[in-house]
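The values are calculated or read from the model by the stated rules, or taken from the named source; none is laboratory data. A quick note: this is a predicted structure, and the numbers were derived from the prediction, not measured. Positions of Cβ are backbone-derived with ideal geometry, glycine not excepted, and every protein chain shown enters the neighbour counts.
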Amino acid sequence: MNLITFLHIILESGFALFCLLAVLSVRMYDTEGRRATKVIIAALLTNVVINIADVLAYVYHGEPSDTGYIMVRISNFAVFTGMFVLLAIGNKLLDTLLEERGGGADKRPRNAVYGICCAGVALVVLSAAFRFLYSFDDQNVYHRGFLFPVLPLLAATAVIILLVRTLTERDILPDGEYNALMCIWVLPVLGMAAQTLYYGISLANICNSIAVIIMTVVFIREIIDEISVKKSFILNGESVERISEDLEAFLKGMETERQNRIRIRFTVEEALLSIWQRFGDLNMVKVIASIRFGRPSIRMEHVGEAYNPFSKTKSSAEEWSRGLLASAGISPMYSYSHGTNIMKIPMRRMSVNPVIVIIFAIIFGIISGSVAMVALAAGDAQFVTEGLLMPVYDLWNN
């Protein structure tokens, strides 16, 4: 295996795993209000299938066995059809984002792109029988057919339509979504242009992966911004209630369990009421509820003399409040710096369903193990297994 093929397998396998992790990241948030969620997850999973199929096509390339014969044909078919499916999903994503912002009334560009994608898939299906797009020789080596340029031309036509539609609706799209969509349209075209001139590494797939991941990062950032709280209040009974309602929306957006939401809200309300009673109506309180590196936290600040509303007293209500948080694994923190009282409630790191994590871990093991089998020589594979993996396995069992 030459260096280019090795790097290609590593890159596409890595992007497949990264897209799986991105799916887990999206699933950690409550995104019922965003119709684009399912479209982005579909794009990520489609990209996983394309990358894995392309890796298998390279692994079995030139292997004239029965397994190689079947895998190369299935993999190439999956890659070419998957590219047009991914393009159709991108078209759906643009349409959904425009509808969320109140635009996208003209559906003709959308329908035209769907028609082009259907035509592309139909050509790939027909080529499997008549071999006018690509074929394989007796050594199971892939060769482009005389009509192969039709595929990138179809894809480029669809991208031009999507590009024009994106530019036309520029005013209603936020900067992050607009820039991410431009990456989705432009990067794969550049990769396809380079790949058409030079066959040896799937630059189009790599560019697709980068673009889809950029879109996912922007989408997750928008979700975090939507549920985050960063406001200042003049503390009184009404503002305490509004702060509590904002925190309820924040905690619900992170899919925090209902009993824990009640515990946290009760503690925050008790702390704010304690501050209000101590400093009066004119005290300004800044409330920040945000997520950093997957760990949410609530932070409250107010200027004044040092006063810790979480301080230990013999009050039965405060003891009960601390007991509620302790049962949820949450410990409030207080500090005083440069005349500012700072109260922070760090929460547990966000997580997903353990069953989903196990399934993804199995997929991760299959992909990484397969790549290692292909990339490592027999002696190196034996050393990794017996010298590294088996001791770790024995240590875990013990």
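Residue-by-condition table, conditions (1) without any contact (Cβ under 8 Å) to a residue 40 or more places away in the chain; (2) of a type in the set (Asp, Glu); (3) closer than 24 Å to Arg165 by Cα:
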residue	(1), (2), (3)
Glu63	no, yes, no
Met83	no, no, yes
Gly104	no, no, yes
Cys118	yes, no, yes
Val121	no, no, yes
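Do you know which of the residues in segment 108-156 that are among the charged types (D, E, K, R) and either in a strand (DSSP E or B) or at pLDDT below 90 (or both) is surrounded by the fewest Cβ atoms within 10 Å (Cβ to Cβ)?
Of everything passing the filter in segment 108-156, Asp138 is surrounded by the fewest Cβ atoms within 10 Å (Cβ to Cβ).
Kindly provide the set of residues from segment 230-245 that are surrounded by fewer than 18 Cβ atoms within 10 Å (Cβ to Cβ) and either not assigned by TED's automatic domain parsing to the domain that holds Ile275 or not hydroxyl-bearing (Ser, Thr, Tyr) (or both), ordered by number.
Lys230, Lys231, Ile234, Asn236, Gly237, Glu238, Glu241, Arg242, Glu245
Failed condition for Gly379, given (1) in a helix (DSSP H, G or I); (2) modelled with pLDDT under 75; (3) outside the structural domain of Glu255 (by TED's automatic domain parsing); (4) within 34 Å of the chain's Cα centre (by Cα), with all others met?
(4)
Could you check, for segment 212-229, whether at least one of its residues is assigned to a strand (DSSP E or B) and over 16 Å from His8 (Cβ atoms)? Give the steps one after another, and end with the answer.
Filtering segment 212-229 for residues assigned to a strand (DSSP E or B) gives 229.
Then drop every residue that is not over 16 Å from His8 (Cβ atoms), which leaves 229.
Yes; the residues of segment 212-229 include at least one that is assigned to a strand (DSSP E or B) and over 16 Å from His8 (Cβ atoms).
Pairs please, first residue from segment 179-198 and assigned by TED's automatic domain parsing to the domain that holds Ala211 and of a type outside the set (S, T, N, Q), second anywhere and modelled with pLDDT of 90 or more and not in a helix (DSSP H, G or I), Cβ atoms under 8 Å, 6+ apart in sequence or on different chains.
These pairs meet every condition: Leu181/Leu173.
For (1) surrounded by 18 or more Cβ atoms within 10 Å (Cβ to Cβ); (2) among the aromatic types (Phe, Trp, Tyr); (3) over 20 Å from the mean Cα position of the chain (by Cα), each residue gets a yes or a no:
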site	(1), (2), (3)
Ile4	no, no, yes
Leu24	no, no, no
Arg35	no, no, no
Gly62	no, no, yes
Tyr69	no, yes, yes
Gly102	no, no, yes
